[in-house]
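Asker: This structure is in C-alpha cells; I'll ask about it shortly.
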Amino acid sequence: MKRNAGFVLLAALAATSLFAADASDGSRWWSYIEYLASDKLEGRNTGSEGHRQAAEFVAAHLQRDGLKPAGTQGYLQPVKFITKELDESNSSLQLDHGGTPQTLQLGEDAIIGTRVDPAPSVDAGLCFVGYGLRVPDLKYDDFAGVDTKGKIAVYIGGAPASMPSALAAHAQSTGERWAAMKSAGIIGAIGISNPHHMDVPWPRVASSRFQMTMQLAAPGTGETEGEQITIGWNPAHADELFAGSGHTFDELVDIAESGKPLPRFALPARLKAKTAVKHGAVESQNIAAIYPGSDPKLKDEYVVMSAHIDHLGIGKPINGDAIYNGAMDNASGIASLLEIADHLKEENVKTKRSILFVIVTGEEKGLLGSRYFSLNPTVPVHSMVADINTDMFLPLYPLKIVTVYGLDESTVGDDVRAVAQELGIRAQPDPEPQRNIFIRSDQYNFVRQGIPAVVLKFGNEKGSPEAALEKQWLTDRYHAPSDDLQQPVDKHAAAQFNVLLEQVVERIADNPARPTWKPDSFFRRYESR
Ligand SMILES: [Zn+2]
C-alpha cells in the first residue's frame, strides 16, 4: 500500500480517521466502476438503454444511502434531445484557389461538425482571424481590421499567453466564440488545433465524426444559431488553407507557441460545402438527490457535487473493441460520488448546509445535461452556493498534487487549498491553460449561473514521470475503447482523492459564510442574483 507522509500523519492524528475506514483501499469505489463501465452498459451513451440502466443504478444507490429525491420524476430529471448524424456520402468540401476546385477528403483533410445546424450548401471566402477571440475586458479583438463580412473564419485553437487562463477558456467556449464571430458578420468557422496541445491524435478526432451529436430539444437553448458550417481541419494539412497567403501553418504555430500575438489576414481561397444531416430524437436522464443539512437555516442552501454519467456508447472499433466504456471518463467520478454518499451515511455525517448530488447526462455532447439542469434547476438557483465537479480525475499515480481548475476565481479554491494542505497535498492552478479544461466540463454551466465552482484532478510536476503517464493515458485511452476496466489505476490514491473531495464539500457546507467570487474574477459578473 502506498501512503505518503501527509496521509500517515493525518491518520495518526485523527481519532476517527477516514483512512481507517474499510473503503480506504479504493476497492468499493472501483466496484462501482466495474458495474458502470461494464460492457453490459455499452458505454452509457446519452439516450441509450445502457445509460438508462446506469442512471437507475445510481438513483437506487443514492436512495439506499438515505438521500432524498431531487429530480422531477423521483431522483430522475428526464432531458429531451435532438440527435444529428452527418450523412457523409451526401456531404462534401471543396477548396477553390481560383482554378479547378480541390475536393477534400473528409476524415483526412477535415471533418464537418454537426453541433451546429449546418446549411445544406455554403460557398464563401475565407479569412484568418488568429485565435478567433474577442475579449472586450482586455480590449482584445481578433476580428478588428480584417474583412470578415460573409466569410468563413479560420482560427487556431488556444489564446495568447497574456490572457488569464479562465478568461481565455471562457472566450473559447462555443457560445462566446460564436457570438463574437456572428457580430463580426462571419457565417462559419474552420478550427485548427495547435498540434502541440492536442489531447488525441488526428485519426481519433477524425473517427469521432461518426458519433451522433445532440442538442437540447427545448427551444432557445442553442448557442450556435446562424452558424452555417463548422469544420475541424487536420493540422497536418493546414497549409492547403494558407496557400497563396504568404504565411505557413508552421510559422503561425511557432508564433502561438512563443506567446506572441497572431497576425490576421485575408485568405485567397473559397470554401464550397455541401452538408446533409440525419435528425432523430432521444430522451436521457439527469439524476439529483439531497443529503439534508442539519442547520435550521443553512439546510436550505446546497453545496453541489456534480459529475457526468454519460460516455460515448458504441463506436468505431479500435483493436477490435467497439465499446467505449468510459471507466475514467467518467464512471470514476460517479463512483466517487457514490462512495461519498456511502460514507456520509455510515458515519452519520452532519453538515450545516445540504449537499446536492447532481449527476448529469449529455456531457460528451457539449455539456448539455448540466446546461439543462442549470436552466431548469430543481432547487432555487440562488440556493446553490458552490459546485464541486468531478470529471476524469485520473488516479494513475499517488496523490501528491491536486490540480484545481478555477483555483483563483473564488473562495472555493481557498477551501480546496486549505483541505489539501491538511492532507499533505499541494493544490496547483491549471498547468496547461491551452487545453481549456475549465470550460470543458459541467462546472462551467454552474459558473454561468453565478455559482462559484471548481473541478479537481490529479496533478503532477511538468516533465515528471507522472506527467508522462498522464500524457500517455490521454494519447492512448482518452475517448478510446481502452478507457475500460483493463487499465492500471491507483485505487488507494483514488480513495484519498475521495476523502479530499468529501472534506472540501463538508468544509463549504459547514462554513457560516457562503462562498464568493474573488473581486478580480472575470466570472463574478454572472453573480447577478
Ligand atoms: Zn469525455
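Asker: Please pick out the residue among 450, 463 that is in contact with a helix residue (DSSP H, G or I) (Cβ under 7 Å, 6 or more places away or on another chain) and on the phi > 0 side of the Ramachandran plot.
Answerer: Step by step, each of 450, 463 is checked, and only 450 is in contact with a helix residue (DSSP H, G or I) (Cβ under 7 Å, 6 or more places away or on another chain) and on the phi > 0 side of the Ramachandran plot.
Asker: A further question on this structure: For residues in the range 216-234 being surrounded by 20 or more Cβ atoms within 10 Å (Cβ to Cβ) and in contact with a Phe, Trp or Tyr (Cβ under 7 Å, 6 or more places away or on another chain), which is modelled with the lowest pLDDT?
Answerer: 224
Asker: Got at least one residue in the range 505-528 being farther than 22 Å from residue 358 by Cα, within 22 Å of the chain's Cα centre (by Cα) and among the small types (Gly, Ala, Ser)?
Answerer: Yes, the range 505-528 has at least one match.
Asker: Under 9 Å between Cβ atoms, which residue pairs at least 6 apart in sequence (or on different chains) link something in the range 474-487 that is on the phi > 0 side of the Ramachandran plot with a partner that is of a type in the set (Gly, Ala, Ser) and within 11 Å of the ligand (Cβ to nearest atom)?
Answerer: As it stands, the answer is 479/208; 479/326, since those pairs meet every condition given.
Asker: Can you pull out the residues in the range 176-215 that are polar (S, T, N, Q), over 25 Å from residue 474 (Cβ atoms) and surrounded by fewer than 19 Cβ atoms within 10 Å (Cβ to Cβ)?
Answerer: Of everything in the range 176-215, just one residue is polar (S, T, N, Q), over 25 Å from residue 474 (Cβ atoms) and surrounded by fewer than 19 Cβ atoms within 10 Å (Cβ to Cβ), namely 183.
Asker: Give the range 369-401 a look and list any residue that's among the small types (Gly, Ala, Ser), touching a helix residue (DSSP H, G or I) at 6+ places or on another chain (Cβ under 8 Å) and within 16 Å of the ligand (Cβ to nearest atom), or say none.
Answerer: 370, the sole residue that qualifies.
Asker: Moving on to the next point. Residue 437 passes all but one of (1) in contact with a helix residue (DSSP H, G or I) (Cβ under 6 Å, 6 or more places away or on another chain); (2) within 16 Å of the ligand (Cβ to nearest atom); (3) farther than 22 Å from residue 221 by Cβ; (4) of a type in the set (Val, Ile, Thr); which number fails?
Answerer: All conditions are met except number (1).
Asker: Within the range 440-457, track down each residue that is surrounded by fewer than 23 Cβ atoms within 10 Å (Cβ to Cβ) and either more than 16 Å from the ligand (Cβ to nearest atom) or of a type in the set (Phe, Trp, Tyr) (or both).
Answerer: Within the range 440-457, 448, 449, 450 meet the criteria.
Asker: Continuing with the same structure: Scan (1) within 16 Å of the ligand (Cβ to nearest atom); (2) surrounded by fewer than 24 Cβ atoms within 10 Å (Cβ to Cβ) for the single condition residue 362 breaks and write down its number.
Answerer: Checking residue 362 against (1) within 16 Å of the ligand (Cβ to nearest atom); (2) surrounded by fewer than 24 Cβ atoms within 10 Å (Cβ to Cβ), the one that fails is (2).
Asker: Continuing with the same structure: Note down all Cβ pairs under 6 Å where the first residue falls in the range 315-331 and is closer than 29 Å to residue 389 by Cα and of a type in the set (A, V, I, L, M), the second is within 16 Å of the ligand (Cβ to nearest atom) and part of a helix (DSSP H, G or I), and they're at least six residues apart or on different chains.
Answerer: Taking only residues 6 or more apart or on different chains, the pairs are 327/33; 331/33; 331/36.
Asker: Would you check which residues across the range 467-477 are assigned to a helix (DSSP H, G or I) and either within 16 Å of the ligand (Cβ to nearest atom) or in contact with a Cys (Cβ under 7 Å, 6 or more places away or on another chain) (or both) and list them?
Answerer: Answer for the range 467-477, where residues must be assigned to a helix (DSSP H, G or I) and either within 16 Å of the ligand (Cβ to nearest atom) or in contact with a Cys (Cβ under 7 Å, 6 or more places away or on another chain) (or both): 470, 473, 474, 475, 476.
Asker: Quick one: residue 260 ticks every box in (1) in a loop (DSSP other than H, G, I, E, B); (2) at pLDDT below 95; (3) closer than 27 Å to residue 365 by Cβ bar one, so which box is it?
Answerer: (3)
Asker: Looking only at the range 253-274, count every residue that is under 27 Å from the mean Cα position of the chain (by Cα) and either closer than 30 Å to residue 310 by Cα or buried (at least 18 other Cβ atoms within 10 Å of the Cβ) (or both) and tell me the total.
Answerer: 3
Asker: Next question, about the same structure. Please note which strands (runs of 3 or more DSSP E) are completely contained in the range 146-255 and include at least 3 residues that are among the charged types (D, E, K, R).
Answerer: Working: elements: 152-156, 188-192, 213-216, 229-233.
The strands (runs of 3 or more DSSP E) meeting that bar number zero.
Asker: Inside the range 177-213, can you point out the residues that are at pLDDT 95 or above and among the hydrophobic types (A, V, I, L, M, F, W, C)?
Answerer: If the condition is that a residue be at pLDDT 95 or above and among the hydrophobic types (A, V, I, L, M, F, W, C), then 178, 179, 180, 181, 184, 186, 187, 189, 190, 192 are the ones that fit.
Asker: For residues in the range 478-518 being among the charged types (D, E, K, R) and buried (at least 20 other Cβ atoms within 10 Å of the Cβ), which is nearest to the ligand (Cβ to nearest atom)? Explain how you work it out, then say what you get.
Answerer: Pass one, the range 478-518, residues among the charged types (D, E, K, R): 483-484, 490-491, 502, 506-507, 510, 514, 518.
From what's left, buried (at least 20 other Cβ atoms within 10 Å of the Cβ): 483-484, 502, 506.
Numbers: 483: 9, 484: 14, 502: 24, 506: 28 Å.
Checking each candidate, the answer is 483.
The values are calculated or read from the model by the stated rules, or taken from the named source; none is laboratory data. Please read all numbers here as calculations on a predicted model, not as lab measurements. Reconstructed Cβ throughout: ideal geometry from the backbone, glycine too, with neighbour counts over all protein chains shown.
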